[in-house]
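Q: For reference, the structure I am asking about is given below.
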Amino acid sequence: MKFLIIVKATNESEAGAKPDPGMWDAMGKFNEELIKAGIMKEAAGLKPSSKGKRVTFSGKNRTVVDGPFTETKELIAGFWIWECKSMDEAVEWVKKCPNPMQGESDIEIRPFHEMEDLAELITPEQFAKLEERRAALAARN
Amino acid sequence: MKFMVIVKATKESEAGQMPSTELLTAMGNYNEELVKAGIMRDGAGLHPSSKGARVRFSGKNRSVIDGPFSETKELIAGYWIWECKSLAEAIEWVKKCPNPMEGESDIEIRQFFEMEDFGEAMTPELREQEQRLLAEAAKGKK
């Protein structure tokens, strides 16, 4: 099962605070463990929402809204993509993570829709095309 | 520049309402364009937050909170990772996207931190570690 592991933003991350060197080293070690365990697929930190934008879709309209966005605790500061056997395994790994922020913080764990979920929703032709695209992407990566 | 393009959740997506065949078709065509343009790196749809969990970090404590989470409009329903020349290019591509939800919806565009953003805090040793880890993670990718 694949999971998106979301590091939620804090006032400090939104203000562009530099990471604490001790935390940075601890996170490096944690990432090493994730890779050794074969769990980590991707990871990145995101710039504060002040450098981001939103596009609102309403009927035919597309409105661009500049960051920063106000609901700090619901924003994303970074993420991983992990391949785990179960939600329980993902939770256990998150518990081992160093606190990514100076103060209190949240990490959210969300399972991916898998191909078999989609197989029930789309036509066999659409499914074949999807598999083609995924193969093309995998080849490029 | 790399971007995370975030499809924000709606009441419908959180209720587990799945997209129509029509929307899936439009989104499939759009994804074809992204792949052809060499922009798309990754993408996925997520199960509603009722199937998710949160871990809260406070000092030495780690507490697990089960979903669903209440602030629906701030949750994530899906995402892409794109490589674009600029934020402006990413915005233009988002504008071409079919509305991913039945009603009104938002897509958020967030830029990745690159190595140079960390300045001197990113020592040569840490940089070397980061590059090695990314290379190893890429090997593990399917």
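Rule-based calculations on the coordinates, nothing more; no lab input. Bear in mind that the values here come from a model prediction, so they are computed numbers and not experimental data. FYI the Cβ positions are ideal-geometry reconstructions off the backbone, even for glycines, and counts take in every protein chain you see.
Q: Which count do you get for residues in the stretch B:29-52 that are buried (at least 19 other Cβ atoms within 10 Å of the Cβ), under 21 Å from B:PHE3 (Cβ atoms) and free of Cβ contacts under 8 Å to residues at least 24 places away in the same chain?
A: Residues meeting the conditions: 1.
Q: Filter the stretch B:64-90 for residues that are part of a loop (DSSP other than H, G, I, E, B), touching a Ser or Thr at 6+ places or on another chain (Cβ under 9 Å) and within 17 Å of A:ARG54 (Cβ to Cβ) and give the result.
A: B:LEU75
Q: Working only within the stretch B:91-142, note down all residues that are at the interface with another protein chain (Cβ under 7 Å from one of its Cβ atoms), assigned to a helix (DSSP H, G or I) and touching a helix residue (DSSP H, G or I) at 6+ places or on another chain (Cβ under 9 Å).
A: B:ALA121, B:LEU126, B:GLN129, B:LEU133, B:GLU136, B:ALA137, B:GLY140, listed by residue number.
Q: Still on this model: Hey, among the residues in the stretch A:38-66 that are more than 19 Å from the chain's Cα centre (by Cα) and crowded, with 18+ Cβ neighbours inside 10 Å, which one's nearest to B:ARG127 (Cα to Cα)?
A: Of all residues in the stretch A:38-66, those more than 19 Å from the chain's Cα centre (by Cα) come to A:55-66.
Those still in the list that are crowded, with 18+ Cβ neighbours inside 10 Å too: A:55, A:57.
Values: A:VAL55: 34, A:PHE57: 39 Å.
Taking the candidates together, the pick is A:VAL55.
Q: Now, a different point. Within the stretch A:84-122, track down each residue that is farther than 27 Å from A:GLU32 by Cβ and more than 7 Å from chain B (Cβ to nearest Cβ). If you could, list the steps in order and put the result at the bottom.
A: Applying the first criterion (farther than 27 Å from A:GLU32 by Cβ) to the stretch A:84-122 yields A:113-122.
Those that are farther than 27 Å from A:GLU32 by Cβ and more than 7 Å from chain B (Cβ to nearest Cβ): A:GLU114, A:MET115, A:GLU116, A:ASP117, A:LEU118, A:ALA119, A:GLU120.
Q: For the stretch A:25-42, does any single residue satisfy the condition of being more than 7 Å from chain B (Cβ to nearest Cβ), in contact with a strand residue (DSSP E or B) (Cβ under 6 Å, 6 or more places away or on another chain) and over 23 Å from B:LYS8 (Cα atoms)? Steps first, please.
A: Residues of the stretch A:25-42 that are more than 7 Å from chain B (Cβ to nearest Cβ), as a first pass: A:25-27, A:29-30, A:33-34, A:36-37, A:39.
After this cut, where a residue has to be in contact with a strand residue (DSSP E or B) (Cβ under 6 Å, 6 or more places away or on another chain) as well, the list is A:34, A:39.
Add one more test, that the residue is over 23 Å from B:LYS8 (Cα atoms), and what stays is A:34, A:39.
The answer is yes, given that some residue of the stretch A:25-42 is more than 7 Å from chain B (Cβ to nearest Cβ), in contact with a strand residue (DSSP E or B) (Cβ under 6 Å, 6 or more places away or on another chain) and over 23 Å from B:LYS8 (Cα atoms).
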